[in-house]
Each structure stands twice: as structure tokens, then as C-alpha cells.
1. I'm trying to understand the selection: among the residues of region 213-228, which are on the phi < 0 side of the Ramachandran plot and surrounded by fewer than 18 Cβ atoms within 10 Å (Cβ to Cβ)?
2. For region 1-99, which fully contained strands (runs of 3 or more DSSP E) count at least 1 residues that are surrounded by fewer than 17 Cβ atoms within 10 Å (Cβ to Cβ) and free of Cβ contacts under 8 Å to residues at least 60 places away in the same chain?
3. Could you grab me the full set of residues in region 196-212 that are part of a loop (DSSP other than H, G, I, E, B), surrounded by 13 or more Cβ atoms within 10 Å (Cβ to Cβ) and in contact (Cβ under 8 Å) with a residue 24 or more places away in the chain?
4. Filter region 239-254 for residues that are touching an Asp or Glu at 6+ places or on another chain (Cβ under 6 Å) and farther than 18 Å from residue 228 by Cβ and give the result.
5. Residue pairs, Cβ under 6 Å, 6 or more apart or interchain, first in region 264-276 and more than 11 Å from residue 298 (Cα to Cα), second assigned to a loop (DSSP other than H, G, I, E, B) and open to solvent by 20 Å² or more (accessible area, probe 1.4 Å). List them.
6. With respect to residue 316, determine if the residue is open to solvent by 70 Å² or more (accessible area, probe 1.4 Å), under 19 Å from the mean Cα position of the chain (by Cα) and touching a residue at least 24 places away in the same chain (Cβ under 8 Å).
7. Looking only at region 291-313, which residues are in contact with a helix residue (DSSP H, G or I) (Cβ under 8 Å, 6 or more places away or on another chain) and without any contact (Cβ under 8 Å) to a residue 40 or more places away in the chain?
8. Which is without any contact (Cβ under 8 Å) to a residue 40 or more places away in the chain, of a type outside the set (Lys, Arg) and over 25 Å from residue 30 (Cβ atoms), of 237, 288?
Amino acid sequence: MVTVDEFLEEWHNDSPTVLVHTSGSTGKPKPMLVEKRRMEASARITCGFLGLKPGDTALLCMPLDYIAGKMMVVRALTCGLRLISVEPSGHPLSRCSLGSISPISPIDFAAMVPMQVYNSLQVPEERERLMAVKHLIIGGGAIDDELARVLIGFPNQVWSTYGMTETLSHIALRRLSGPETSEWYTPLEGVTLTQNDDGCLVIDAPAVHDGLLITNDIAEFSSDGRFRILGRKDNVICSGGIKIQIEEAERLLRSHLPYPFVITHRRDDKFGEAVVMLTEGDVHEAKIACQHVLPRYWQPRDYIHTTHIPLTATGKPARKEAEQIAARGMII
């Protein structure tokens, strides 16, 4: 794991680029070089959008191997924020993680993955500290309905981010707290969005990326230029001629299943692809939920119990690993 000192040494060397790794949500993480000047541009855009000013505190609680962690340091360096660094963990606001940091010392800005937010909400002391964060951005995974219901009542600004390693963290935000809560993302300054013939989002963000970036994310636009993501093009299961968006099936099920699960698929001689559910919970309960919630042709043909749903280092479902588990079987 990269340390702050190691990243600072890389940042201040003579190279115009920094090494980062993709998250690995759709395959093996890949290394890529990104330009420091573009990272600085991204930092200024984010800090400007949120109204952060020099001297504000920023919490670094994610690994520096990935762009999300690196960008927190770059925002601090570029915009004069005071960086508070803690060991990446599922409980970044615990007394153990924060160490000697005063419990009443305010945190102006923090970036977390949904799992860190969820864990912090389970402990009263951590929940209180989370609610006191003035600007909280959440990325790296889906915000489920239960978590969204809790966050809407937060007194400060909470945002869900949209972006990827290639865009140097996020290029759009949507509000999760207060009366401005929305399911639609607002593009940041200088970002232009369109769609290709497949309905996938095309990003033009010259400050952070050279040329058009064609994503695999199937998008829908509102009349005022905002957008929402329906799912990934490569996360579509074609079963017997029916196209099933994995993320949409998972979204429909989240409020009905209290334990981790993931929708995946395997090859099938009759249907081409068969829907499979991996679950850490009771498979019979999962089957009943699927029959109750999902359209008939979306329902899994196989249910597989696993002790751990495969996740990437950034907390996203590891889709390729899930497919491998489905291919191996152990069907119930």
C-alpha cells in the first residue's frame, strides 16, 4: 500500500505524470499514468464546486493506490486544505482510527466509499462525527435505498459522485442530503456530456482528459442537462432474448434483502446466458424475494451461497470473479 510520504515523493519529482491503478470492478486492475496538471485541474474544479477554502480540513481515509485517495492529497496541496490522514479501514471515524485528533475538531471535507459510511452509521460516536462532516462525497459503489433514506436527513452537504480513474475521480455530483436530494447527477464545470448510438455516456472534459471518453455506462438525460446511470453496457445479461440490466435488478432487490448479494450469469445451452445470484444469506429467502420483486424473465435460474461476495479493493462488486464463481457452480 502506498504511503502519504511515498506519494508526496512521486508528486514532487520531475515527472509530469503519476502512476495510478483502475479499480478492477470489471476485470484485473490496470496501471495507467495520469498528468499532474490535470489532477490539479480536477482538484480546483471540485473544491470550487463545494466552496472549500484554504485552511479547511480534509480527511484522507482511502488507499493511495487508487485515484480517489491520490486526489484527496492533490486537493489539499492544490487548494491549501489541511490534510488529516488515517489508516484506510471500514471505520475511518472510530476513536482508534482518529487517534489523537480532537473529537470536537471539525472535518470540513471527506471522501468515502458506501461501506465506510454504512459502518460509521452503526456506531453512535462515529455517526455523530459523520453527520458533522460539512462536505461528504461518496463514490466507488452504489448508494442503496436504505442508506439514501438515512443520508437525506443529514444537516450538511452529502454527495454521490460519478467518475472513474480516467476522469481523475468524479466529473459529476448528485445531492443525497436535504431538500435538494436528487437521483440526477449534475456535471461539473467544463464537462460536456452526450450519448452514442448504444445509449452510453460520452464525456468531454478537456481539463482532466484528452479527447472524448466513451464509457460503458448506459445513461438517461433530463431536460435540464443532468443525467442518471441505468447500468453498464457490459453488465447486461441476454437470457433467451431478454436483456437484463444487472444493476437495475440489484437496485430492485436491495431493500428486500438484508445481506450482501450480487447478480451475475453463466453460459446456458438453451438461453445463451442464465441469471445467477450469489448471496451471503439464506438462498430460499433470496429466491422468494426475487420471485416477488423481479419480472419473471429476470429471476435467477441458480442461487449460490457464498461466505463472501467478491469485492474490489475499492468496495465495488468484482464482476469477473462473480462470473467465475457462477461458472463453477455449487448451485442450491
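1. Matches in region 213-228: 213, 214, 216, 220, 221, 222, 223, 224, 226, 228.
2. 17-21, 31-35, 82-85
3. 205, 207, 208, 209 - these are the residues of region 196-212 that are part of a loop (DSSP other than H, G, I, E, B), surrounded by 13 or more Cβ atoms within 10 Å (Cβ to Cβ) and in contact (Cβ under 8 Å) with a residue 24 or more places away in the chain.
4. Selection gives 239 alone.
5. What qualifies is 271/240.
6. Judged against the criteria, residue 316 is not a match.
7. Residues satisfying the conditions are 299, 300, 302, 303, 304, 305, 306.
8. Within the list 237, 288, the selection yields 288.
The values are calculated or read from the model by the stated rules, or taken from the named source; none is laboratory data. Nothing here was measured: the structure is a model prediction, and the numbers come from that model. Reconstructed Cβ throughout: ideal geometry from the backbone, glycine too, with neighbour counts over all protein chains shown. Side chains are part of the model used for accessible areas, which takes the heavy atoms of the whole protein and leaves out ligands, DNA and RNA. Shrake-Rupley method; radii C 1.70, N 1.55, O 1.52, S 1.80 Å.
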